[in-house]
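Undergrad: Input: one structure, supplied below.
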Amino acid sequence: MLKEYNIALLGFGNVLRAFAALLERKQEDIVEDTGIRLKVVGVATNSKGIAINPEGIDLNAALALVDKNQSLTSLHVGEPITDAFEFIQKVPAVAILEATWLNPQTGQPATDFCRAALQANKHLITANKGPVAFAYRELKALADSKNLSFFYESTVMDGAPVHVLRREALLGLKVNRIRGILNSTTNSILTRLEEGIAFDVALKEMQDAGLAEADPTNDIEGWDAAVKINVLANIFMGVDLRPSDVDRTGITEVTVEAAQRAVQNGQRIKLVCEAIRTETDVRLSVKPTHLDLSDPLAHVSSTACAVSIDTDILPNVMVMAGPSSPTTTAYGLLIDTLNALRGRR
Ligand SMILES: NC(=O)c1ccc[n+]([C@@H]2O[C@H](COP(=O)([O-])OP(=O)(O)OC[C@H]3O[C@@H](n4cnc5c(N)ncnc54)[C@H](OP(=O)(O)O)[C@@H]3O)[C@@H](O)[C@H]2O)c1
């Protein structure tokens, strides 16, 4: 039997615009596979207005307005909404999809938005690493206390199935070690260095292709990778660490000469993220590492990413994916939403 659910988008940047386009494209396939139809009844931004319409937002119209740098408020029905918190309270949706901005040092403002969504009795789906790195335990406890879902598949390796493994496929196992290549910008730059392309040129290529931020600090100094390994450790290894606990070195000191010398020696330099369980705690690190070619992670090139999860029973379960895009991230939000609505917690 077909069931229709109202959902709301908090943010309408690269990821949630890709989500809107993906939903338009995939709605009928989703209905066929799950019997669920999704209706977007609200979209909120910081500077481009907020719109709520209980009958459904016309997503193509919303995309066209934002493309023309026009406000979404022309799609709004009712009293104007002043900010994201009022939006979370008033939008008549059962789930909030959060993809706003992240300060990697504080996890805000996204963590406050996530808490507010759960307090308003709405399932919470986020693409934002901040709330998971900074407030996983609190948000999970809040969601559990209200029998709501709190899902975050897109926070690591976009829509590739990583977090769902912990929830559905690795139950009862003890995770001893996680290794991964989790940042596609730095992995691409390292691949280009091997090809003899200078660091600055490789970085500019990524920026021109829209794959690296104008301010690349977060990526090249290893912060993005640090937050991701922190998220994986907190969830897969049951710890409560913070990005500042990661022993972090970025790739700014890696040269063409070093990358090519590694290749001549039968190795590759990769920005390896690692979480290792010791007798007393879990140690987190992100650093450029020489990998032998016998290591599967050595073969993860360009914009691909991969993670290997070593457990007490299943050794080195590996997921590899790429290249990533806002659409692959949007798919993670979509599958999380469907799983929440199918009663997964
Ligand atoms: N891009 C990717 O492929 C990718 C992959 C994985 C995870 N993520 C994560 O997903 C999140 C979103 O990424 P993105 O690339 O879509 O970012 P983005 O293009 O910068 O979009 C962010 C959106 O959030 C809105 N926003 C920011 N502060 C807000 C506030 N206080 N109230 C309401 N709305 C607010 C912005 O409003 P305005 O439109 O007014 O600026 C914008 O619509 C980030 O946390 C990112 O780390 C992104």
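The values are calculated or read from the model by the stated rules, or taken from the named source; none is laboratory data. Here the structure is a predicted model, which means the values were calculated and not measured. Backbone-built Cβ (ideal geometry, glycine too); neighbour counts: all protein chains shown. Side chains included, ligands, DNA and RNA excluded: accessible areas come from the protein's heavy atoms. Shrake-Rupley method; radii C 1.70, N 1.55, O 1.52, S 1.80 Å.
Undergrad: For the stretch 127-138, enumerate the residues that are free of Cβ contacts under 8 Å to residues at least 40 places away in the same chain and touching a Ser or Thr at 6+ places or on another chain (Cβ under 8 Å).
TA: If the condition is that a residue be free of Cβ contacts under 8 Å to residues at least 40 places away in the same chain and touching a Ser or Thr at 6+ places or on another chain (Cβ under 8 Å), then ASN128, PRO131, ALA135 are the ones that fit.
Undergrad: Go through the stretch 140-158 and give me each residue that's more than 8 Å from the chain's Cα centre (by Cα) and within 16 Å of the ligand (Cβ to nearest atom).
TA: PHE150, PHE151
Undergrad: So, one more: With respect to VAL40, is the statement that it is within 20 Å of PHE150 (Cα to Cα), touching a residue at least 24 places away in the same chain (Cβ under 8 Å), away from the ligand (no atom under 12 Å from the Cβ) and among the hydrophobic types (A, V, I, L, M, F, W, C) true?
TA: yes
Undergrad: Please go through the stretch 13-56 and pick out each residue that is aliphatic (A, V, I, L, M) and open to solvent by 20 Å² or more (accessible area, probe 1.4 Å).
TA: VAL15, ALA21, VAL31
Undergrad: Considering only the stretch 120-139, state which residues are within 20 Å of THR185 (Cα to Cα) and more than 16 Å from the ligand (Cβ to nearest atom).
TA: Scanning the stretch 120-139 gives no hits.
Undergrad: Mind listing whichever residues of the stretch 43-59 are within 16 Å of the ligand (Cβ to nearest atom) and on the phi > 0 side of the Ramachandran plot?
TA: The one that is within 16 Å of the ligand (Cβ to nearest atom) and on the phi > 0 side of the Ramachandran plot: GLY49.
Undergrad: While we're on this one: Looking at (1) open to solvent by 40 Å² or more (accessible area, probe 1.4 Å); (2) at pLDDT 95 or above, find the lone condition where VAL319 falls short.
TA: VAL319 satisfies every listed condition except (1).
Undergrad: Turning to a different aspect of this structure: Go through the stretch 305-345 and give me each residue that's within 21 Å of LEU170 (Cβ to Cβ), within 15 Å of the ligand (Cβ to nearest atom) and not charged (D, E, K, R).
TA: CYS305, VAL307, ALA321, GLY332, ILE335
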